[in-house]
Amino acid sequence: MEAFLIANLAPIMFAALVLFLLSGFPVAFALAANGLFFGLVGIELGLLRPELLQALPNRIYGIMSNDTLLAIPFFTFMGLVLERSGMAEDLLDTIGQLFGPLRGGVAYAVIFVGALLAATTGVVAASVISMGLISLPIMLKYGYDKKVASGVIAASGTLAQIIPPSLVLIVMADQLGRSVGDMYQAAFLPGLLLTLMYAGYILLLSFIKPKWVPALPPEARNLRQANGDSGAISLLLLLIVSTAAALAFARYFKSSHPDVAADALGIYAASVGIGFAFCFAFINRQLKIGLLSKMAEQVTFVLIPPLALIFLVLGTIFLGIATPTEGGGMGAFGAIILALMNRRLNWKLTKQALDSTSRLSSFVMFILIGSTVFSLVFRGINGDLWVEHLLTGLPGGQIGFLIVVNILFFVLAFFLDFFELAFILVPLVGPVAEKLGINLIWFGVLLGVNMQTSFMHPPFGFALFYLRSVAPKTVKTSDIYWGAIPFVVAQIIMVGLIIAFPNLVSVDSKEAQKEELQLNLTVPDSEPLMLDPPSEPSKEDQSETQATPAHIL
């Protein structure tokens, strides 16, 4: 029996963890208790030395002093303040009016606003609850199918999982030892493509089931001119002029700075175009020139402040001006400014945001501490080697590994949320992926899209629970579940597209340059001595640096 335990302690430890989690025991304490128990068993069997557990205080101190994780409370606070400042309500009302004449117009507005909230809040609960309270009654009032209305709201809220500044990407970057800024930049295109896939599903429904996604009736469109015109032409002209201003600036800036990177030039030009549109609308309103319609003015003043915040936060991160932690701090400050501008900032709002931020941050830190206890003992009994041999022995090489890992994450997402998956499984599969030559930034984005399904899985998806808590009683729980399934399928298709077309995730293909110092000393009657090159940097040191490993294929 003792020989069997010594030979199979790693799989027994992993199986015991699964039983702990299925029993409903809190995840953080399940991880820590499992690690300590099997640490004592390993010491008793002679597999571990007692000194190993003395490394725990240093590891926990390393977690508490990790600057990268500071971005989590910053972005959480930013999202909660924005959600309570009325920004989501204004966006949904204005964009709903803009798309209202189209079949499925309100659904398009929900998807668009969901993507915009994802890029400003990064918090799924805030997005789903806001859109559920505001848009669901309107969609039901004007004849939307209950399943479609429920599914589009839940799915649009989960875009906060993959569109930066996503919290899961921060955790993923920390666990994989890669830069958060690189992870954000790589995830941007997949997030936009997933948004377009959601909109494509609504477009398909508008042709095959038009009664499920009706247009808003004329009496519901209140942003019309006195003559009954929608004012969309004025908005289109403003868009064209602003785009022309952005292109003109890009051409001028490129001629004077020929070495500027394409992404940096795009950020600068977009900022100029957005600033031009806002200034033009502001002057038009103050001087009462009357060049813009009510629709154009409303869209400009509602849409541009959150866009400015996005460029402030993500733009500075992508340009390398600020770290993600600094960007999160600026975003939190910007959210307070926007709440002040909307005259919604008060002590009650601030207290609620601080309380929720503290709870979420404590939840993350406790899970991370528990996973550290588990991983220390698991690696001590060579569990990482067991996982490596198990996964590298799969047929199909990289593709076989990716398929099996994604199926594993998809199945476990029925029972675990993204934080738990990131802290438990990612440290186990990440080193294996690196040994198979897979770019870890690409791998992190792929898993991020996959773990997005953890919010949409019936029957335990958190986005479904959030929506159920605010949905009217006329919407059955089964309607919410059935409505989520097409969007889960879309997320699975997106995972397949990333595997089939790796270039969808933009990562730098150059190897990180490693400097090696070589020193020769001449010693009489002996060969020259060569000092070893510096060791690889630790995961904590890498977390804020720009690492660019080779691409997957």
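The values are calculated or read from the model by the stated rules, or taken from the named source; none is laboratory data. Note that this is a predicted model, so its numbers are computed, not measured. Ideal geometry is used to build each Cβ from the backbone, glycine not excepted, and the neighbour counts take in all protein chains shown. Only protein heavy atoms, including side chains, enter the accessible area calculation; ligands, DNA and RNA are left aside. Shrake-Rupley method; radii C 1.70, N 1.55, O 1.52, S 1.80 Å.
Ordering I317, I403 by how much accessible area each has at a 1.4 Å probe, largest first, what is the list? It would help to have the intermediate numbers written out before the result.
Values: I317 10, I403 85 Å².
Largest accessible area first, the list is I403, I317.
Taking all protein chains together and a probe of 1.4 Å, list S375, S127 from the most accessible to the least accessible. List each step's numbers first, then the result.
Details: S375 25, S127 0 Å².
Listed by decreasing accessible area, they come as S375, S127.
Could you look at segment 358-398 and say what percent of its accessible area is carbon and sulfur, using a 1.4 Å probe and all protein chains?
On the way: 1190 of 1860 Å².
Its accessible area is 64 percent carbon and sulfur atoms.
How far is helix 105-120 tilted off the main Cα axis of the chain, in degrees rounded to 10, range 0 to 90?
50 degrees
Expressed as a whole number of Å, what is the distance separating the alpha-carbon centroids of segment 287-337 and segment 1-78?
42 Å
Have a look at V113, G157, P210 and report the one farthest towards the positive end of the charge dipole of segment 94-245, computed about the Cα centre with Cβ charges (Lys/Arg +1, Asp/Glu -1).
Toward the positive end, the furthest listed residue is P210.
Counting heavy atoms of the protein chains only and a 1.4 Å probe, report the per residue accessible area for the chain as a whole number of Å². Could you put the intermediate results ahead of the total?
Values: 25730 Å² over 553 residues.
Result: 47 Å² of accessible area for each residue.
Of all accessible surface on segment 134-237 at a 1.4 Å probe, what whole percent is carbon and sulfur?
Values: 2570 of 3810 Å².
Using a 1.4 Å probe with all protein chains present, segment 134-237 comes out at 67 percent carbon and sulfur.
Work through the residues other than L394 whose Cβ is under 15 Å from its Cβ and net out their charges, Lys, Arg +1 and Asp, Glu -1. Kindly include the intermediate steps, with their values, before the conclusion.
Numbers: positive: K435; negative: E388.
With Lys, Arg at +1 and Asp, Glu at -1, the net is 0.
Provide the packing ranking of 29-36, 111-118, i.e. peptides ordered by the mean count of other C-beta atoms within 10 Å per residue, highest first.
Packing order, densest peptide first, comes out as 111-118, 29-36.
Cβ under 15 Å from L354's Cβ, L354 left aside: what net charge do those residues give with Lys, Arg +1 and Asp, Glu -1?
Values: positive: R84, K348, K351, R359; negative: E83, D355.
Around L354, the surrounding residues sum to +2.
Could you tell me the accessible area of Y144 in Å² (1.4 Å probe, neighbours in place), rounded to the nearest ten?
Rounded to the nearest 10, that gives 10 Å².
Based on DSSP H runs of at least 4 residues, each adding -39500 (n - 2.57), what is the mean residue ellipticity at 222 nm of the chain after dividing by all its residues, to the nearest 500 deg cm²/dmol?
Working: 23 runs with 373 residues, N = 553.
Helix-only estimate at 222 nm: -22500 deg cm²/dmol.
Would you mind counting up the charge near I208? Only other residues with Cβ under 13 Å from its Cβ, with Lys and Arg at +1 and Asp and Glu at -1. Let's see the in-between values first.
Working: positive: R103, K209, K211; negative: D145.
Overall, the nearby charge balance is +2.
Between 0 and 90 degrees, rounded to the nearest ten: what's the tilt of helix 397-412 against the longest Cα principal axis of the chain?
Long axis of 397-412 versus the principal axis of the chain: about 70 degrees.
Among G100, S179, F501, which residue has its Cα positioned farthest towards the positive end of the charge dipole of the chain, with +1 placed on the Cβ of Lys and Arg, -1 on the Cβ of Asp and Glu, and the dipole taken about the Cα centre?
Comparing the listed Cα positions along the dipole, G100 ranks first.
Please report the carbon-and-sulfur percent of the accessible area for segment 11-128; probe 1.4 Å, protein heavy atoms only, DNA, RNA and ligands left out.
Values: 3160 of 4710 Å².
Result for segment 11-128: 67 percent of the exposed heavy-atom area is carbon or sulfur.
Applying the Karplus parametrisation 6.51 cos²θ - 1.76 cosθ + 1.60 with θ = phi - 60° to the phi angles of segment 474-483, what ³J(HN,Hα) value in whole Hz is obtained for each residue in order, glycine and proline being reported as x?
5, 8, 6, 4, 5, 4, 5, 5, 5, x
Report the charge-dipole magnitude of segment 384-516 in Debye, nearest 20, computed about the Cα centre from +1 at each Lys and Arg Cβ and -1 at each Asp and Glu Cβ. Present the calculation step by step, with values, prior to reporting the outcome.
Details: 6 positive and 10 negative charges, 137 e Å.
With only Lys, Arg, Asp and Glu charged at Cβ, the dipole is about 660 debye.
Among F311, F465, A250, which residue has its Cα positioned farthest towards the positive end of the charge dipole of the chain, with +1 placed on the Cβ of Lys and Arg, -1 on the Cβ of Asp and Glu, and the dipole taken about the Cα centre?
Sorting the options by dipole projection puts first F465.
Determine the relative contact order of segment 362-506: mean sequence separation of Cα pairs under 8 Å and six or more apart, normalised by residue count, in whole percent. If you can, show how the numbers build up before the last one.
Details: 108 pairs, mean separation 32.7, N = 145.
The normalised contact order for segment 362-506 reaches 23 percent.
What translational diffusion coefficient, to the nearest whole µm²/s, does segment 41-104 have by Stokes-Einstein, given a Kirkwood radius computed over alpha-carbon pairs, a temperature of 10 °C and 1.306 mPa s viscosity?
Working: Rh = 16.9 Å.
For the chosen part, D equals 94 µm²/s.
Could you state how much accessible area R103 has, in square angstrom rounded to the nearest 10, with a 1.4 Å probe and all protein chains kept in place?
About 130 Å², ignoring ligands and nucleic acids.
Between the alpha-carbon centers of segment 430-485 and segment 352-394, tell me the distance in whole angstrom.
19 Å
Which order do I441, I138 take by accessible area at a 1.4 Å probe, largest first? The partial results should precede the final answer.
Details: I441 5, I138 70 Å².
Listed by decreasing accessible area, they come as I138, I441.
With 18 Å as the limit, write out which pairs from K211/K294; K141/K294; K141/K473 have Cα-Cα distances beyond it, or answer none. Show your work: numbers first, answer last.
Numbers: K211/K294 30 Å; K141/K294 25 Å; K141/K473 14 Å.
Result: K211/K294; K141/K294 exceed 18 Å.
Using protein chains only and a probe of 1.4 angstrom, how many square angstrom of I208 are accessible, to the nearest 10?
Spelled out: I208, probe radius 1.4 Å, area about 110 Å².
Relative to the longest principal Cα axis of the chain, at what angle does helix 180-208 sit, 0 to 90 degrees, rounded to 10?
In the chain, helix 180-208 runs at an angle near 50 degrees to the longest axis.
Quick check for me: using +1 on Lys/Arg Cβ and -1 on Asp/Glu Cβ, what's the dipole size of the chain about its Cα centre, in debye to the nearest 20?
Values: 30 positive and 35 negative charges, 603 e Å.
Once rounded to the nearest 20, the dipole reads 2900 debye.
Running Debye on the chain with equal point scatterers at the Cα sites and no solvent, what base-10 log of I(q)/I(0) appears at q = 0.05 Å⁻¹?
Debye curve over Cα of the chain, log10 I(q)/I(0) at q = 0.05 Å⁻¹: -0.24.
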